[in-house]
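In what follows, a structure is listed as structure tokens, so that the remarks can point back to it.
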Amino acid sequence: MSTHKTPSAGQDKPVTEDAKRKAAELGEQAKSAAHTIVEDAASAATGKANEAKSSVADEISGTASALRTAAEEMRSGSPQERTFGQIAEGLADASEAMRDKDLSTMVQDVSTFARKNPLVFLGGAALIGFAATRFAKASGDTSTELANTSYTEPRDNTYAAPRDTSYTAPRGDF
């Protein structure tokens, strides 16, 4: 005969309920931890986006200032002076609007504009892309292009062409 005791059904019930309760507590703790992580990530992303927004606003403001300076140096009343002044004012207004709006409002405004004016939006996006590409190419490294050339000082205000320094004259008996 076996002396092994089998637990009764009544003893299993408190153990099962205790396990369920602990599993529920662990589930709640996991949900809380996940929620905290999501909030922290969203906060960090918003912070980075706001830094980028501020940086772009500063760049736009600097461009507006440069255009104002250029407009002031032009002949007063000229079409170029008026155009540069108007562009500078528009950029300054855009910079201030960018600083004053939060990111979600800006995204919503751009989305609304894109739905109402899809061709203008796509054209503007293409222009920005072309301008960014040109800027990237213009600010590229040119040190390799200039490595094999040297320039001499011009004489009598004439242009001195680059001279190839990689050529070596043959040596021998002449």
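Observations
- Qualifying residue in the range 67-84 (condition: closer than 22 Å to A132 by Cα, touching a residue at least 12 places away in the same chain (Cβ under 8 Å), in a helix (DSSP H, G or I) and under 27 Å from the mean Cα position of the chain (by Cα)): yes
- Restricting attention to the range 93-124, the residues that are exposed (fewer than 11 other Cβ atoms within 10 Å of the Cβ) and of a type outside the set (G, A, S) total 7.
Bear in mind that the values in this text are calculations on the coordinates, not laboratory data. Keep in mind that this is a model prediction, so the values were computed, not measured. With ideal geometry, Cβ positions are generated from the backbone for all residues, glycine too; neighbour counts draw on all protein chains shown.
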